[in-house]
Structures are given as structure tokens and as C-alpha cells.
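This report concerns only the one structure given below.
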Amino acid sequence: MRGYLFKRLAQIVITFFLFLSAIFFLVDAQPGDYGNVFYSNPRLTPEQRQQLKANLGLDQPTWVRYTKWMSSFLQGDLGISFSNYPRPVIDVIAERAPRTIVLFMSATVVSFYFGFMAGKLLAWNRGGLVEYASTIGGVSLYTVFTPWFALIMIWVFAFRLGWFPIGKFIEPTAWIGAPTEVNDVFIRLIFTALIASVLLFTLLVSVGRLNTNQRRPATWIGMAVIAAGALIYWLNTGLGVYALDILWHLTLPIITLALISFAGSMLLTRNSMLETLREDYVLAARAKGISEKAIRDRHAARNAMLPVVTSFVFSLAFAIDGGVITETVFSWPGMGRTLLTAANAEDIPMVLGALVFTGTLALTAHLVADILYAYLDPRIRYA
Amino acid sequence: MTEPLLQVENLTMHYTTRAGELSAVDNVSFSLKKGEALGLVGESGCGKTSVALTVLKLLPENGYIKEGKIIVNGKDIVPYTEQEMRKVRWGEISMVFQAAMNALNPVYRVGDQIIEALEEHQPQMTNKEMKQKVTELFELVGLESALMDRFPHEFSGGMRQRAVIAMALSCGPDMIIADEPTTALDVIVQDSLLKEMREFQDQLGMAMIYISHDVGVIAEVSDRVGVMYAGRLAEMGTAEEIFHDPIHPYTMALMSSFPSTVGEKTDLVLLPGEPPDLLNPPTGCRFHPRCPYATDVCKEEQPEFKEHSPGHLAACWHPRGEQS
């Protein structure tokens, strides 16, 4: 496993280098540069214009600029964002990336959770109206034009019904006099979620050691303790109200994104499970006299999960790619919208920075998928 | 206490297929006493496995019991619901599957798959007792107890089959159905495994049904043998009677196709043709198109499965090929 990880990491480094080069040359090949804003000033003399170009380093040939960019990248310097002058690109990414990751991670988790559950039930009880309705409904949502559907959701649930805010990340008026910054609350939220999931995972693993009849109560008690811990933390810091504001703004985008994409995992789970249901170990499980629910969940669905997990991790990377559209529609100040704004402003360092973020995420997702796969399927041993 | 453990009466099971009704098991009756070993032998597709699945009511969605009774420990389980069947399965009757390779779920440790059955049927046991039980079972079937924490893919074919047998023994069933338990194994492993199975059976006083297409396997382990052809029992008797004094021409042909290596040289009797299509079985005796002794009566009327000598039954109009 360790040898494999090293090999895999080396591959990732090479791929990442190729990716960096590709985006640099692609962005560089676009007409115009970030000097355009300044050159267009009619009062500049040609000499001044030339001087400006030299100051920005734009008179150098491409490969010189490429080596410069690459070497500063290796030193952790992505340059300064022109549209957010004078903030460094890395600073802007650090601020906005968590918002994007949280939004799309939650949306993908919700979508896959419901997709998996629905697919499992569809495979288990085949035929009938439910199967047709959910398949047709799911596929329609899957193929619908995303911005249109997102706007309809905003129109219905935010504008007409007023259940959710219309876009944005926070309600600025509610934050007047807040004891801390938005990002601070947000980071705390992320950490709460992270710690809670680690605890939950540990709980679910350790519960397996108990006797059968003690498992269920132990799980419930453990979950209640975790929830209580989180609640106490947020009440104590007095930031609970602000955290709720962020969560409230997160809800509609998550629902929308999950509705659009759940059909993919639903159909994948259904097909995968129809295959595992034919396996001999499912028949053997039935012969053992264990309950139908345990056969469905522990044997058929557990094994049907394997391809779904891979698709989950990859679709996470894809969802963030699609963030340009979704974040714009929901006025969500994340990386997608930053990329769009930067591209419109010809803020090339920021554009490159945003693309570096997407690339890093995609490569990490693949690595995580590999590791997760080995954990879920003991037959897989990497050498 | 002479009541049989399992009594199957006039069992008929059909599969509903797109092409029509397929009669996989037709009017099969047999019984099994405590501690007895019954062998079911026949060609592929003759309904051996279907009998096994029917007895546990593990039929696929398109299979249903059309007629007959399956009496386990004095109770007819045919009208049982799924919920009631769960207690019968593994608790009273367990099964060793044809493809042991695939009967273990690849993503769980072998020991845990046995514990899963124990949790269902013996919920009063603590985790420690269950581990202890698995250790004992592994020792009984000749596996090192440390192997219980391994995954199925880390086992060899023989080891997996032993693990599956340990699993079948786990809840102390009255009876085990072994469906082609050794078919996928090489002859050496097959032989030692069969001997061991016979030993457990005697040791634990369990009844067994062995299902195989291999007459040699059946001869080794069975007290009584049922010969199946095209979903029906053609003949049933003690192993001795079936092998040395077969009544049904099909049994006669089947036996002669497994020549003895020690006895005198005999000519092999070749059986022309193929087993019939069960969607459209032949009228009368289902064996008549391939039977060298068939007469008109064989084509028209189904012979009764009757006793020719005490305990030796056969369904044939011309027992031992005699023309009456």
C-alpha cells in the first residue's frame, strides 16, 4: 500500500505539472492581456505604453514568463490578483475555496445519499408506478438546463414562497455588530462538521464490537452525544445565530444541485444492485435466515456501492467545475464566480489561480477514490 | 420417534417463464430420517438443485410450489411465510452451496459471515461466545482459527468450501443440504472433504442430502440414493440396491457409465439423445424417448413410483428391462 501511494503521488505530481503548463499556455494563447485596461488610456504615449508592458513583464517571450510563473508557483506565490488589487491570489483562494468546497461537497453528498437510497429501493422492489415515476422524474431533472432550473427554484422557493434567501452567502444586515468575521464562523462550521463526521465514523466502527442487541441504543446515544457537543459549542461561543444564517443560505443551492444530479447515482446504484442481487452470496444470505432488510443493506447494497463510490468522488470534481454557472445563479461568492469575474476582468493571475484550485481538487479526488476503494473492497490490494 | 425429520410428499414445483410453465420438480416424494444421508443424483438440469431450493423455499421470483407438502419436524412448511421460514433456514435446515467460491460475500471477513448467522439464530450469545464458536467450527472442519479474520479471496477453493461447511454447521441444524459440495474441487481435496463431511455427520448426528451429478461422490457418502430424471424421481433405494441392482433403465445406464476400476470388464452402455425439454416434457414416462425398452404404454402413461422390494422404489413399466 505504501509503495503504491508513493507511485501514485509521483504520478500526481507529474500530472499536476502537465496541467499547470497546459493552463498557462492556454490562458496565454488568449488574445489580450491584463495590461489592456491601462493601454486603452488614450493619453499614454507609445513609450509609456512600452514601459508599462515592461513593468508588468509582458514584453518577455512566453517561455520566460512561463518559467517565472512556474518558479514562483513552486515557492507558493501565485501572484497578485488585479481585480482584487492588492490582494495576493492565494489569499483570495484561501477565502473563497472553502465556500465552494462546502457547497458542492454537501450537495454531492446529499445527492448521492438520496440517489443511493432510491436506487437501492428501486432495485429491491422492481416494477410498478414508483419505478417509472422516479426514473422519469430523475432523468428529466438530470437533463434539465441547470441555470434555468436553478432560476425556477429561486423564483418559487425564494421569491414567491420566501422560504429561503435569494442567493448570496449571508444576510449582511444580520451581521452588523457581529463579534467576528464571516470567514471565521464559516471555518468553525467546517471544523464542527469535520470533527462530527470523524466522531460519527469512529462510533459506527466501534459499535460493531458490541453485541447485537446493544448496537442500536449505543448508536443512538453516541449520535445524541455528538449532536449535543456541537450544540453546546455553538451556544457557548454565541455565534450560533450567524452559523444558522450561513446554513440557511446554503440550503436552497444544495437542494437544487442535489435534485439535478441524484438521478445519476440512482440509476447507477439500481443497475449495480440488480447485478449483485443475482450473486450466490445473496442467495446464501437468504438461506442463512437473516432478515430481508439485512440481505438488502448488508449484502446486496453494500457490494453494489463500489462503483457508486468511484462515481461519487469524480462527480465531486465535476460539480466544482460546474460551479461557474451555479455560483453565478445563486450569487455564491466561491471559486466559480471568482473564475468568471477574473476572466471577464482579464485578471490572468486570478484565472490561473482558480484553475489551479480545480486541478488540485480533481487530482486529490482521484487519490481519495483509490484509497476509499481499497477500504471498501478488500479484494483490492495495491502493489 | 420413528417420525422422519423431513418428509417430502408429491412435491411439484414450476418455473413461470416467458415460453410457458417449466415443470422442474414433478411429483417428488422422499423422506429422511435423523442421521441419515440421502444422495440425489442425476444429469444437469434434472431438478436436483430445484429440489434443494424448494425444500428451503429459496425459489427465485418465478418459481412456485404447485403442489405437495414439505414436512420438517412434523410441520408442513409450504404455507409458511418468509418470516416463519427464517427460523427454519439454517436453524433446522442449512445448506452448502454449489459454488462455494461465490457463496461467501467478498467484502466481509469469513468469520463475520458465520457470526452473522449466529447473531440471527442465537441472539443470546455474546460476541466472545460467538468468536469461540467460530473457532470451534473452524477446528472441526480443519481450518486454522486465525483464518476467520481473513477475507474469502485469501482462501483456496478447498478452504472456502470448508468455511462454507463450517457456516452450515454453525447453528446446529438437524439437516444439511449439500448441493454439489465438491464439484469445483480437485479429486484429492474432494475425497478428503467427503470423508470429513461423513465424519461430522456421524459425529453430530445430522441428516444430510447430498446432491451431485457424480455417481462416485454419491456412492461414497450416501446411505440411500435417489436417482432423478427430468424433474422426477426415477428410482430410490439403498446405495447397495441402486449400484448393484438397479431397476430403472435410466439408473442402469447411469451406473454403467461409471465403470468400476476393480470389477470385471463390461461394455459401457451409451445413452442416446439428451434430457428432455422441461417446457414441453414427453408424455407418459419422461425417459421413454431414450429408453431401449420403451413400449407403447411408456409413451402414454406415467408409471407409478412404487415399491419393488421393501424400501426400493422405481417408476418404470419395464423394471430391469423386462417385457411383461
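Quick note: the coordinates plus some simple rules give every number you see, no bench work behind them. Note that the structure is a prediction, hence the values are computed from the model and not measured. Cβ atoms come from the backbone with ideal geometry, glycine included; neighbour counts cover every protein chain shown.
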- How much length, in nm to one decimal, is gained on full extension between A:Asn183 and A:Asn211, taken as 0.36 nm per residue of separation minus their Cα-Cα distance? 5.7 nm
- CD proxy, 222 nm, chain A: helix-only mean residue ellipticity via -39,500 (n - 2.57) per DSSP H run with n ≥ 4, per residue, nearest 500, stands at -24500 deg cm²/dmol
- Query: Once the piece of chain linking A:Lys7 and A:Leu200 is laid out straight, how much longer is it, given 0.36 nm per residue of separation minus the C-alpha distance between them?
  - Reply: 66.3 nm
- At what distance in angstrom do the alpha carbon centres of region B:269-299 and region B:1-67 lie from each other? 21 Å
- Query: Between B:Gln124 and B:Ser156, how many nm apart are label points set 7 Å from Cα along the C-beta direction?
  - Reply: 4.1 nm
- Item | Reachable lysines, given that their alpha-carbon falls under 26 Å from the alpha-carbon of B:Lys57 and they are not under 8 places away in the same chain | A:Lys120, A:Lys288, A:Lys293, B:Lys33, B:Lys34, B:Lys48, B:Lys66, B:Lys69, B:Lys75, B:Lys87
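Name the longest site-free stretch of chain B, where the excluded sites are trypsin sites (Lys or Arg not before Pro) in a DSSP loop with no more than 14 other beta-carbon atoms within 10 Å.
B:19-264
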- Query: GNM, chain A, Cα, under 10 Å: largest mean-square fluctuation among A:Thr256, A:Thr108, A:Thr180?
  - Reply: A:Thr180
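Taking 8 Å as the Cα distance limit and 6 or more residues as the minimum spacing, I'd like the relative contact order of chain A as a percentage. Numbers along the way, then the final one.
Numbers: 352 pairs, mean separation 116.5, N = 383.
Relative contact order comes out at 30 percent.
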- Query: Quick one: if the Förster radius is 45 Å, what FRET efficiency do A:Val130 and B:Asp214 give, using the C-beta to C-beta distance and rounding to 0.05?
  - Reply: 0.45
- Within region B:198-213, find all residues whose amide N lies under 16 Å from a label point positioned 7 Å from the Cα of B:Glu136 along Cα-to-beta-carbon. B:200-201, B:203-206
- Note on the structure: For B:Thr16, placing the label point 7 angstrom along Cα-to-beta-carbon and taking region A:129-151, residues whose amide nitrogen sits under 18 Å are A:129
- Task: Using only Cα atoms, tell me the angle between helix A:240-276 and the longest principal axis of chain A; keep it within 0 to 90° and round to the nearest 10.
- Result: 60 degrees
- Among the aspartates and glutamates, which have Cα under 20 Å from the Cα of B:Lys128 when same-chain residues fewer than 8 positions away are ignored? B:Asp112, B:Glu116, B:Glu119, B:Glu120, B:Glu136, B:Glu139, B:Glu144, B:Asp149
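For the pair B:Val78 and B:Lys299, what calculated FRET efficiency results from E = 1/(1 + (r/R0)^6), where r is the Cβ-Cβ distance and R0 = 41 Å, to the nearest 0.05? List each step's numbers first, then the result.
Details: r = 32 Å, r/R0 = 0.79.
Given R0 = 41 Å and the Cβ-Cβ separation, E is 0.80.
Above 15 angstrom, tally the Cα pairs of region B:147-222 and express them as a % of all pairs, no decimals.
Everything past 15 Å amounts to 54 percent.
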- What number comes out for the charge environment of B:Leu271, summing +1 per Lys or Arg and -1 per Asp or Glu over other residues with Cβ under 10 Å away? -1
- Any idea what angle helix A:302-321 forms with the longest principal axis of chain A, computed on alpha-carbon atoms, 0 to 90 degrees, nearest 10? 20 degrees
- Label point distance in nm, A:Ala230-A:Val64, each placed 7 Å from Cα along Cα→Cβ: 5.5 nm
- Filtering trypsin sites (Lys or Arg not before Pro) in region A:8-109 by DSSP loop and by at most 10 other Cβ atoms within 10 Å leaves A:Arg43
- Query: Does a label point 7 Å from the Cα of A:Tyr85, set along Cα-to-beta-carbon, have any residues of region A:324-354 with amide nitrogen under 19 Å, and which are they?
  - Reply: A:341-353
- With only helices counted (DSSP H, runs n ≥ 4, each -39500 (n - 2.57)), the per-residue ellipticity at 222 nm for chain B, to the nearest 500, works out to -9000 deg cm²/dmol
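If Lys and Arg each add +1 and Asp and Glu each add -1, what is the summed charge of the other residues whose beta carbon sits under 13 Å from the beta carbon of B:Asp245?
Values: positive: B:Arg320; negative: B:Glu235, B:Glu240, B:Glu241.
So the surrounding residues net to -2.
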- Query: So how much slack lies between A:Thr237 and A:Glu275, counting 0.36 nm per residue of separation and subtracting their Cα-Cα distance, in nm?
  - Reply: 8.6 nm
